[in-house]
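One structure below.
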Amino acid sequence: MVYKALTIAGSDSGGGAGIQADLKTFHQLHVFGMSAITAVTAQNTLGVQGVYPLPIEAIEKQIDSIAIDLPPNAVKTGMLFSEEIIELVARKIKQYGWVRVVVDPVMIAKGGAPLLKQEAVKALQRHMLPLARVLTPNIPEAEVLTNMRIETFEQRKEAAKKLHDMGVQYVVMKGGHGEGEELVDLLYDGEQFYEWKSRRVHTKHTHGTGCTFAAAITAELAKGKTVYEAVNIAKQFIQAAIEQTLQIGGGHGPTNHWAFHE
């Protein structure tokens, strides 16, 4: 049995994030990866130099081509950029009945460049959150989606509950933007919370961590794992990818996609 996963996201010319990170992660976890590119970015470890969204028709054709011949076992969405693209992707996910959907609400690049238009936030809330089996926001993204400040651990839990109320089945609140030496990632399933603790790795080479983590969850869901099992493996995958850094590029370098061994 060959498991297949589809990423609907932006292309990162530097290879550390976006569909490039997703495909590398799928491959490493023995899942056949496919992509529908929403936008081409000109970027490297120093930042984003340009964002060029693809025409709606081009995105739709890519998704249709995959659905017809290579139906995925799980789908991940990353950078969707505009309201128009979000509405199209939501429509296609519904059309093809895809249910193992991981939504990574990509909004801001590591260097601070916006990757989601301001008016697209509402579209993401309205159209994508109800389709998400798993949503993987970091703390700043969760603040935007819930319209609340998140400073304490209790507020993280409150935000996770709010996101669940907005239609998300499982909320994975990433702890990388929290304070202190110990990071805590939270999983909320609508009834209880699960926690993963890990030590902070002091490195600037963290470009693409969010994409990579969400892609690892997607790969495991494609294999039929539960959300808890998928997050558990994704945590190990991303921890290894950050710890065993590649040290390339002059800025925020990529994580190491081949560090993890099952």
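The values are calculated or read from the model by the stated rules, or taken from the named source; none is laboratory data. Treat the numbers as computed from the prediction; the structure is a model and nothing was measured. Heads up, the Cβs are rebuilt from the backbone with ideal geometry, glycines too, and the neighbour counts pull from every protein chain shown.
Selection of first residues in region 121-136 that are closer than 26 Å to GLU229 by Cα and of second residues that are surrounded by 21 or more Cβ atoms within 10 Å (Cβ to Cβ) and polar (S, T, N, Q), restricted to Cβ pairs under 7 Å at least 6 apart or on distinct chains, gives the following pairs, ordered by first then second residue: MET128/THR77. Evaluation of GLY210 against the conditions (1) assigned to a helix (DSSP H, G or I); (2) modelled with pLDDT under 95; (3) over 16 Å from PHE26 (Cβ atoms) shows that the sole unmet condition is (3). Test LEU46 against the criterion of being out of contact with any Phe, Trp or Tyr (no Cβ under 8 Å at 6 or more places or on another chain) and more than 23 Å from TRP98 (Cβ to Cβ), and give yes or no. Answer is yes for this residue. The set of residues from region 138-184 being of a type in the set (S, T, N, Q), assigned to a loop (DSSP other than H, G, I, E, B), closer than 23 Å to VAL227 by Cβ and over 15 Å from the mean Cα position of the chain (by Cα) comprises just one member, GLN169.
Among the residues of region 133-142, are any farther than 23 Å from ILE217 by Cβ and among the aliphatic types (A, V, I, L, M)? The answer is no; no qualifying residue exists. Of all residues in region 168-221, those satisfying the criterion of being under 23 Å from LEU246 (Cα atoms) and of a type in the set (Lys, Arg) are LYS174, ARG199, ARG200, LYS204. Restricting attention to region 226-255 and to residues that are out of contact with any His (no Cβ under 6 Å at 6 or more places or on another chain) and over 21 Å from PRO137 (Cα atoms), the residue that is surrounded by the most Cβ atoms within 10 Å (Cβ to Cβ) turns out to be GLY249.
Of all residues in region 152-168, none satisfies being at pLDDT below 95, in contact with a Gly (Cβ under 7 Å, 6 or more places away or on another chain) and surrounded by fewer than 18 Cβ atoms within 10 Å (Cβ to Cβ).
Within region 46-111, which strands (runs of 3 or more DSSP E) (wholly inside it) include 3 or more residues that are closer than 23 Å to ALA219 by Cβ and touching a strand residue (DSSP E or B) at 6+ places or on another chain (Cβ under 7 Å)? Once the strands (runs of 3 or more DSSP E) in region 46-111 are filtered for at least 3 residues that are closer than 23 Å to ALA219 by Cβ and touching a strand residue (DSSP E or B) at 6+ places or on another chain (Cβ under 7 Å), what remains is 74-77, 101-103.
Within the option set SER13, SER35, SER65, being over 16 Å from the mean Cα position of the chain (by Cα) and either touching a residue at least 12 places away in the same chain (Cβ under 8 Å) or surrounded by 23 or more Cβ atoms within 10 Å (Cβ to Cβ) (or both) holds for one residue only, SER13.
If GLY112 meets every condition in (1) at pLDDT below 95; (2) within 13 Å of the chain's Cα centre (by Cα); (3) of a type in the set (Gly, Ala, Ser) apart from one, which number is that one? The failed condition is (2).
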